[in-house]
Amino acid sequence: MDMQAVDRADDRNRPAIVPVSQASLLYKDLVESLRNWRFWIFLGWNDIAKQYRRSFVGPLWIVFNSAFFIVAFGLIGAQLFKLPVNEYLPYFCAGHIFFGFLSALINEGCLTYIQADAFLKQMPYPKLTFVFRLVWRNVIMLAHNLSVLVVVLIWSGHFTHVRWLPFAAAVMLTLVCACAVVAILGALAARFRDIPMAVASIMQISFFVTPVMWSPEQLTERAKTLVHLNPLAAFLEILRAPLLGAVSAPQAWAYALVATFLALASFGFLYLLARRRIIYWL
């Protein structure tokens, strides 16, 4: 028999190898991570439990630490800025809690894959599983701190004026942007180990240039422009204003939406290039 004919017959019987695009792999990673929601919810909750294991009050220390600082500085800040305590304390409380949430996401996001190297080196887990784990862990921390905010809002009389629908929309937008930012920082920090230190330094400065303790109305027009360019200030505005019964500035929503779009676009571009290399950087 002609050998060429045999080779052609073998080629016809051999299953075709269909090339898989990086975009489809990224989509598969996302779908599998969402499908395995029990896994990353367990990991996130276990992270909190390990931190306070053998503690008498456990995670309630999160509430106590926040409450002590908020009340102490809130009383002093009201005197410094010459504002009524029942107006300044809820403003500072909401700002401190939400900025702490955003800061923790950014700082800890750098360690997303570095802390998960034991999992990733043993099995081909979907990468975004550990992004959701970190975001979920900080949502738990936020939920603990929100109990302090609820008490402050009730005490100050703001609780009955909370605008729940805008607040829920702001939380959803923040979480979407947070997942993208955590994924970006996690991949970059896996490759460049100086990223966590650089980000920590930037976040220390960000606390003072973001309206957490002070209000943008206290600044000059030129300084207000710089504040409006701060994406953290935009997210803080859309999260805090509804809880105080106010309407968030339209430009804050615009900046938050633009920041989320840019974060998602950067995440997609980076992961199309580097998704397969993350495991080799650990």
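The values are calculated or read from the model by the stated rules, or taken from the named source; none is laboratory data. It should be emphasised that the depicted structure is a prediction, and the values quoted were computed from it without experimental measurement. Positions of Cβ are backbone-derived with ideal geometry, glycine not excepted, and every protein chain shown enters the neighbour counts. Calculation scope for accessible area: heavy atoms of the full protein, side chains included, ligands and nucleic acids excluded. Shrake-Rupley method; radii C 1.70, N 1.55, O 1.52, S 1.80 Å.
Connecting C-alpha atoms closer than 10 Å in a GNM of the chain, tell me which of 149, 105, 272 has the biggest fluctuation.
Between 149, 105, 272, it is 272 that shows the largest mean-square fluctuation.
Hey, can you find the accessible area per residue of the stretch 113-187 for me, probe 1.4 Å, expressed in square angstrom? Spell out each step's value before the answer.
Values: 3330 Å² over 75 residues.
In whole numbers, the stretch 113-187 has 44 Å² accessible per residue.
Between residue 215 and residue 115, 0.36 nm times their residue separation minus their Cα-Cα distance comes to what?
Working: separation 100, 0.36 × 100 = 36.00 nm, distance 3.70 nm.
In short, 32.3 nm is gained.
For helix 164-191, report the angle its Cα long axis makes with the longest principal axis of the Cα atoms of the chain; keep it between 0 and 90° and round to the nearest 10°.
50
So, by mean Cβ neighbours within 10 angstrom, what's the order for 241-252, 107-118 with the highest one leading?
The most tightly packed comes first, giving 107-118, 241-252.
Ignoring ligands, DNA and RNA, what percent of the accessible area of the chain is carbon or sulfur (1.4 Å)?
68
Taking K and R as +1 and D and E as -1, what net charge do the other residues with C-beta under 14 Å from the C-beta of residue 45 add up to?
The answer is +4.
Determine the gain in length on full extension of the stretch residue 69-residue 197; use 0.36 nm per residue of separation and subtract their C-alpha separation, reporting nm with one decimal. List each step's numbers first, then the result.
On the way: separation 128, 0.36 × 128 = 46.08 nm, distance 2.53 nm.
Fully extending the segment from residue 69 to residue 197 adds 43.5 nm.
Using only the alpha-carbon atoms, how far is helix 195-209 inclined from the longest principal axis of the chain? Give it as 0 to 90 degrees, nearest 10.
30
Distance between the C-alpha centers of the stretch 32-95 and the stretch 218-282? Whole Å please.
That distance is 21 Å.
For residue 159 and residue 254, compute 0.36 nm times the residue count separating them, minus their Cα-Cα distance, and round to one decimal in nm.
So the chain would gain 31.6 nm between residue 159 and residue 254.
Considering only 76, 238, 195, give the residue with the highest GNM mean-square fluctuation for the chain, with springs between Cα atoms whenever their separation is below 10 Å.
76
For the stretch 152-197, just say rounded, prolate or oblate: build the C-alpha gyration tensor, square-root its eigenvalues into a ≥ b ≥ c, call rounded for a/c under 1.5, and beyond that prolate if a/b exceeds b/c, oblate if not.
Taking the square roots of the gyration eigenvalues as a ≥ b ≥ c, the stretch 152-197 is oblate.
Looking at the square roots a ≥ b ≥ c of the eigenvalues of the Cα gyration tensor of the stretch 105-244, which shape do they give, rounded for a/c under 1.5, prolate if a/b is larger than b/c, or oblate?
Verdict is oblate for the stretch 105-244.
Only Lys, Arg, Asp and Glu count, each charged at its Cβ (+1, +1, -1, -1), so figure out the dipole size of the chain about its Cα centre, rounded to 20 debye.
Around 440 debye, computed over the chain.
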